[in-house]
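This report refers to the structure that appears directly beneath it.
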Amino acid sequence: MTKQLALTFTVLLILGILFLYKSGIDQFPMVQAAADIQLGKRLYVQNCAGCHGERGDGKGPEVSRLKTKPRDFTTGIYKFRSTPSGSLPNDKDIFRTISQGVRTTSMLAQLHLSEGERWTLTGYLKTLSERFKTEKPSDPIPIPAEPSTISDLVTLGKRLYADAGCAQCHGSEGKGDGPSAKDLKDDWGNPISPPDLTLRPFKSGSGPEDLYRTLSTGLNGTPMPSYAAAFSANERWALVLYILSIATHDRPKGMMGLVGEEVEGMRIDMRAAMAGMMGGKGMMGRGGGMMDRNMKDMMKDQGK
Ligand code: HEC
Ligand code: HEC
């Protein structure tokens, strides 16, 4: 009798251990994901929330200083993608923007963060919109190799630019002064202007492939349409080569070679770093007191 009991007990013990072991293995990815979200949240509050808002709604305390408003991540609408118009971005798209920033805006390349931290943030941003739970990003639009014979294509590009209505917004010479330029709004209701295409750098990269990607995907949430359906790959390359042929001037450079609102982004980031060093809670914990003013004076002196 005792032998039988001992045997039953042993069998139950073994089953119990097996069960715990198995459920432990199943749970591991979930535990890992939860830890990533925790870390992502901490990185986000320290580095991003001052502009993008603690809940990701684009309403951080710094917003009033900025002309180009920080993205509202809750809608899942992303401008800079490799995926077709209307689609969610894929992870690489989000990672690319975090790593490269958005030139001419306060969104600086976040290279003070490690590659691992930037991937963790990529995952975290996706938790801020319900869309990522129910939708998958479409496949990227392929970017074929840049054509090698250029001169004829520039002429074709110039003609397409005039015919396709680009001039309506970007102006007949690409200077951003087309007849529709003044009254444009983005999907969040903020005024938006078509950029002067004769000036470098461009927002999501100034290389030929960056421009090809922008023309193919369009910029979701803005009046800039996708031309993937309207133009063949060759025609899109022609437009890219034409734009590059007129983009011959640099935007005026401010302190440290920064352009446009990048200067404002640098000020905001430095104040956040200072607040962090002084024991504040990073971006959200900043009071905007004396230290704030000191920083501003310091940066002004540097700009001279
Ligand atoms: C100083 C303000 C500021 C800070 C800090 C900041 N951003 Fe931004 N961010 C912006 C602005 C402004 C834009 C919009 C640029 C545009 O629309 O052209 C933007 C755009 C983006 C986009 C592009 C989304 C799209 O539409 O494709 C991503 C992704 C992003 N930010 C992630 C981050 C992350 C992650 C952090 C923190 C590590 C961060 N940002 C910190 C201001 C900021
Ligand atoms: C209805 C107005 C409109 C039309 C038509 C239009 N665009 Fe745009 N385009 C915009 C706006 C607005 C932006 C700026 C979006 C932003 O800054 O977020 C833009 C952005 C761009 C950019 C990206 C610049 C950067 O800094 O990355 C390029 C390149 C561009 N347009 C080229 C073209 C070409 C070529 C055509 C015609 C084939 C065209 N656009 C047609 C409104 C328009």
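For the reader, a short list of remarks on this structure follows.
- Footprinting exposure proxy ranking of Ser129, Ser232, Ser87, fewest other C-beta atoms within 10 angstrom first, gives Ser232, Ser129, Ser87.
- Amide H contacts of Arg200 (H built 1.01 Å from N, in plane; Pro and chain starts excluded): His249, Asp250, Arg251 sit under 5 Å, all sequence-distant by 5 or more or on other chains.
- This ranking places Ile94, Ile246 by how few other beta-carbon atoms lie within 10 Å of each, fewest first, which gives Ile246, Ile94.
- Residues Ser216, Ser193, Ser226, arranged from fewest to most other Cβ atoms within 10 angstrom of their Cβ, appear as Ser193, Ser226, Ser216.
- Column: log10 I(q)/I(0), Debye, Cα scatterers of region 151-250, q = 0.12, 0.17, 0.22 Å⁻¹: -0.35, -0.73, -1.27
- Taking only the Cα atoms of the chain, the ratio Rg/Rh comes out at 1.13, with Rh defined as the Kirkwood radius.
- Whole-number percent relative contact order across the chain, with pairs defined as alpha carbons under 8 Å at least 6 apart: 20 percent
- Region 221-253 versus region 45-75: alpha-carbon centroid distance in Å: 29 Å
- Short-range pairs are left out: with C-alpha atoms under 8 Å and at least six residues apart, the relative contact order of region 1-128 is 21 percent.
- Across region 151-250, C-alpha contacts under 8 Å between residues 6 or more apart give a mean separation that, scaled by the residue count, equals a relative contact order of 34 percent.
- Summed over qualifying helices (DSSP H, 4 residues or more, each -39500 (n - 2.57)) and divided by its residue number, the chain shows a 222 nm mean residue ellipticity of -15500 deg cm²/dmol.
None of the figures in this text is laboratory data; all of them are computed from the coordinates on show. The structure presented is a predicted model; accordingly, all values stated were derived computationally and were not measured. Positions of Cβ are backbone-derived with ideal geometry, glycine not excepted, and every protein chain shown enters the neighbour counts.
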